[in-house]
Amino acid sequence: MALRSATLSNGLVILGEVDSAAHTAAAGFFVRTGARDEPTPLMGVSHFLEHMMFKGSERRTAFQVNEDFDRIGASHNAFTSGEMTCFHAHVLPEHVPAALEMLADILRPALRQADFDEEKGVILEEIAMYEDNPFMALYERMMERYYDGHPMGHRVLGTKETISALQRDALAGYFHERYASDTMALAVAGKVDFDALVSQVSRLCGAWPRGTPGRTHAHFRPNEDRFEMRLPNLTRAYLGMMMPAPPLADPRRYASSLVAQIVGDTEGSRFYWSLVETGLAEEATCNYEGRDGLGEHLVLAACTSEAVEEVRGTLLTEMRTLVDSLDQAELDRAKARIATAVALAGERPAGRMTRLGSLWAYGIPYATLAEEMQRIEAVTLDDLRQNLRDFPLQPVVTGLLKA
């Protein structure tokens, strides 16, 4: 599938992978703004805005938004991360125009005070729920310590303090600053008439104002730390480690993804055989997290409190000995797992839409799925060894959560 693209006069980008043989279509507006772009006192405002979009526009109430999406059978949702926000819908091809009209409408929200007050309570409950999730509680604290002094350490949901203090006018100001036409893209995939879609989007969004919000890329050096935290009534202990990895736009991301697969995939990895299969840990994983100009490897494990030190020692040993013990067979297995995941994500228009919008959001040049697979296949053992020299699996931040 060839990439189709267009840019409106106000800077709004439209990207599409058209597949006339598809049975569905997906569309999503991507906004290049997230938790790292927020002033610290407004931490959580991007996610709050995500909620407020579905509270309605000047033309629709919250009930009408849900009712209209349901009427066309849309699978619709939104997400906010540290670096972008997305509003998307997956529908039958004949409903693409209606889905686009609704997505465009909610992206000009009314931001009513009554809706704001109601949603603040919902988000505070969501924060409390995350605090009860051991892995999430540990992960957020690790991000704060690792990115100490850098906005990448901001919590996506914010904190009880920042959300409680947030005012509707401050949220509206952030919306007008960040939700500019030239910091947004519409990604579409599946069975769509691209030219007709561009014409419709021009009518719907052509008057949206431009802006110049930008993003700060301050110099960053990971903050070293080792900490313990407690959560009552836990039956397991949770151990986490974080260390540098390449940014998402760096070609070395392919090698880092393969390293994470080899050492810490949920099945068949070194962590799996040495910790999970032996019964020493219930979970033990390693993930590559690429970001805009930044990146990290994240190791997480869950075990009994009595096994923490043995698990910690095994994790460190597996990571320390990896560079000298890599073999072609495990590299081939890791390539096969990643290739399968890439192919599965690309089989549905929603997966292609998300990939297309994410590439734009991170400033990564477009590549087809076939080209992505070729790049993965081209990675050699020497590439992995060099990657491990460039980004050694040596924890910078280590955290432990227990009862």
Problem set entry | Test for LEU111: is it on the phi < 0 side of the Ramachandran plot and modelled with pLDDT of 95 or more | no
Problem set entry | Single residue of GLY173, GLY190 found to be surrounded by fewer than 21 Cβ atoms within 10 Å (Cβ to Cβ) and assigned by TED's automatic domain parsing to the domain that holds THR7 | GLY173
Exercise. Does LEU258 satisfy being at pLDDT 95 or above, in the same structural domain as ASP390 (by TED's automatic domain parsing) and assigned to a loop (DSSP other than H, G, I, E, B)?
Worked result: no
Exercise. Looking at SER46, SER75, SER81, which is the one that is closer than 17 Å to MET184 by Cβ, among the hydroxyl-bearing types (Ser, Thr, Tyr) and surrounded by fewer than 20 Cβ atoms within 10 Å (Cβ to Cβ)?
Worked result: SER81
Exercise. Is it the case that some residue within segment 87-97 is farther than 19 Å from GLY173 by Cα, without any contact (Cβ under 8 Å) to a residue 12 or more places away in the chain and of a type in the set (D, E, K, R)?
Worked result: yes
For this session: State whether one or more residues within segment 206-213 are touching a Pro at 6+ places or on another chain (Cβ under 9 Å) and either surrounded by 15 or more Cβ atoms within 10 Å (Cβ to Cβ) or farther than 30 Å from ALA25 by Cβ (or both).
Result: no
Exercise. If you check ASN133 against the conditions, is it in contact with a His (Cβ under 7 Å, 6 or more places away or on another chain), free of Cβ contacts under 8 Å to residues at least 60 places away in the same chain and not small (Gly, Ala, Ser)?
Worked result: no
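For segment 329-339, state whether one or more residues are farther than 30 Å from THR235 by Cα, under 19 Å from the mean Cα position of the chain (by Cα) and at pLDDT below 95. Spell out the reasoning first.
The initial filter retains those residues of segment 329-339 that are farther than 30 Å from THR235 by Cα, namely 329-339.
Then keep just the ones that are under 19 Å from the mean Cα position of the chain (by Cα); that gives 338.
Filter once more, keeping what is at pLDDT below 95: 338.
The answer is yes, given that some residue of segment 329-339 is farther than 30 Å from THR235 by Cα, under 19 Å from the mean Cα position of the chain (by Cα) and at pLDDT below 95.
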Seminar exercise, completed: Those residues of segment 276-296 which are farther than 18 Å from MET136 by Cβ, assigned to a strand (DSSP E or B) and not small (Gly, Ala, Ser) amount to TYR288
Problem set entry | Qualifying residue in segment 105-112 (condition: among the β-branched types (Val, Ile, Thr), assigned by TED's automatic domain parsing to the domain that holds LEU166 and surrounded by fewer than 20 Cβ atoms within 10 Å (Cβ to Cβ)) | no
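Just to be sure, is PRO246 at pLDDT 95 or above and surrounded by fewer than 16 Cβ atoms within 10 Å (Cβ to Cβ)?
No.
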For this session: Output yes when any residue across segment 63-74 is part of a helix (DSSP H, G or I) and closer than 22 Å to TYR362 by Cβ, and no when none is.
Result: no
Seminar exercise, completed: Of ARG312, ARG355, ARG320, ARG333, the only residue that is without any contact (Cβ under 8 Å) to a residue 24 or more places away in the chain, assigned to a helix (DSSP H, G or I) and not aliphatic (A, V, I, L, M) is ARG355
Seminar exercise, completed: Scanning segment 359-379 for residues that are free of Cβ contacts under 8 Å to residues at least 40 places away in the same chain, assigned to a helix (DSSP H, G or I) and under 25 Å from GLY82 (Cβ atoms) gives LEU359, GLU372
Seminar exercise, completed: Picked from segment 262-285 (must be more than 19 Å from LEU322 (Cα to Cα) and among the hydrophobic types (A, V, I, L, M, F, W, C)), the residue surrounded by the fewest Cβ atoms within 10 Å (Cβ to Cβ) is LEU280
Seminar exercise, completed: The residue from ASP169, ASP195 that alone is acidic (Asp, Glu), modelled with pLDDT of 95 or more and within 26 Å of GLU94 (Cα to Cα) is ASP195
Exercise. Right, SER256: touching a residue at least 40 places away in the same chain (Cβ under 8 Å) and buried (at least 16 other Cβ atoms within 10 Å of the Cβ) or not?
Worked result: yes
For this session: Kindly list, by first and then second residue, each pair from a residue in segment 281-294 that is more than 30 Å from ALA218 (Cβ to Cβ) to a residue that is of a type in the set (Ser, Thr, Tyr) and assigned to a strand (DSSP E or B), limited to pairs with Cβ atoms under 8 Å and residues at least 6 apart or on different chains.
Result: none
Seminar exercise, completed: Output for Cβ contacts, cut-off 7 Å, separation at least six or different chains, first residue closer than 17 Å to GLU119 by Cα and not assigned by TED's automatic domain parsing to the domain that holds LEU107 in segment 58-80, second aliphatic (A, V, I, L, M) and at pLDDT 95 or above, reads none
Seminar exercise, completed: Checking GLN386, GLN328 in turn, the sole residue that is free of Cβ contacts under 8 Å to residues at least 60 places away in the same chain and not hydroxyl-bearing (Ser, Thr, Tyr) turns out to be GLN328
Seminar exercise, completed: Expected single match for touching a residue at least 12 places away in the same chain (Cβ under 8 Å), hydroxyl-bearing (Ser, Thr, Tyr), in the same structural domain as GLN167 (by TED's automatic domain parsing) and part of a helix (DSSP H, G or I) among SER9, SER20, SER46 is SER46
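The values are calculated or read from the model by the stated rules, or taken from the named source; none is laboratory data. Quick caveat: nothing in here was measured; it's all calculated off a predicted structure. Here the Cβ is made from the backbone with ideal geometry for all residues, glycine too, and neighbour counts use every protein chain on show.
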